[in-house]
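Working notes, structure below.
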Amino acid sequence: MPRRGGAAVARHAWPDPDAWQAPTGHWVVGRFLPSYRGAAEPVVVFGPPLTAGYTDTDPASPTFGRNVQWFERARFARRPDGDVVSLGRVGAEALAARVGA
């Protein structure tokens with residue numbers, strides 16, 4: 001059983017208990033799960049999920065209208081009508097925002 005702060009944390013009822021990331025309290029959701037698991041060590045490559053999955057409603061966002069989930073080192077996005085998951089270039093986007101490029 002996973003532990004948080006020394007106390008046991010019960011896993012929630014979910015079809016795939018391995019998708020649960022106890023440290024952040026978020027699931028790797030839906031169609032993002034196969035892409036997440038596609039990495040040899042997904043927690044090392046992408047990090048744990050930082051958000052729940054959601055539809056981006058910010059018109060200024062590069063993922064506007066897409067289903068999105070943020071991880072410690074990646075952003076997964078996919079069009080609602082598609083199965084292709086794209087990875088965001090979060091480092092490049094953050095640098096461009098910082099230097100105004």
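Can you find a residue in region 66-76 that is farther than 17 Å from ARG89 by Cα and either in contact (Cβ under 8 Å) with a residue 40 or more places away in the chain or of a type in the set (D, E, K, R) (or both)?
For region 66-76, residues farther than 17 Å from ARG89 by Cα and either in contact (Cβ under 8 Å) with a residue 40 or more places away in the chain or of a type in the set (D, E, K, R) (or both): absent.
Of the residues GLY65, GLY82, which single one is out of contact with any Pro (no Cβ under 7 Å at 6 or more places or on another chain), more than 14 Å from TRP27 (Cβ to Cβ) and at pLDDT below 85?
Just a single option satisfies the conditions, and that option is GLY82.
Can you give me the ranges of the helices (runs of 4 or more DSSP H) entirely in region 27-101 with at least 1 residues that are surrounded by 14 or more Cβ atoms within 10 Å (Cβ to Cβ) and of a type in the set (Gly, Ala, Ser)?
Those helices (runs of 4 or more DSSP H) span 32-37.
The values are calculated or read from the model by the stated rules, or taken from the named source; none is laboratory data. As the structure is a computational prediction, the values presented were derived from the model and not from experiment. Here Cβ is always computed from backbone atoms with ideal geometry, including for glycine, and neighbour counts include all displayed protein chains.
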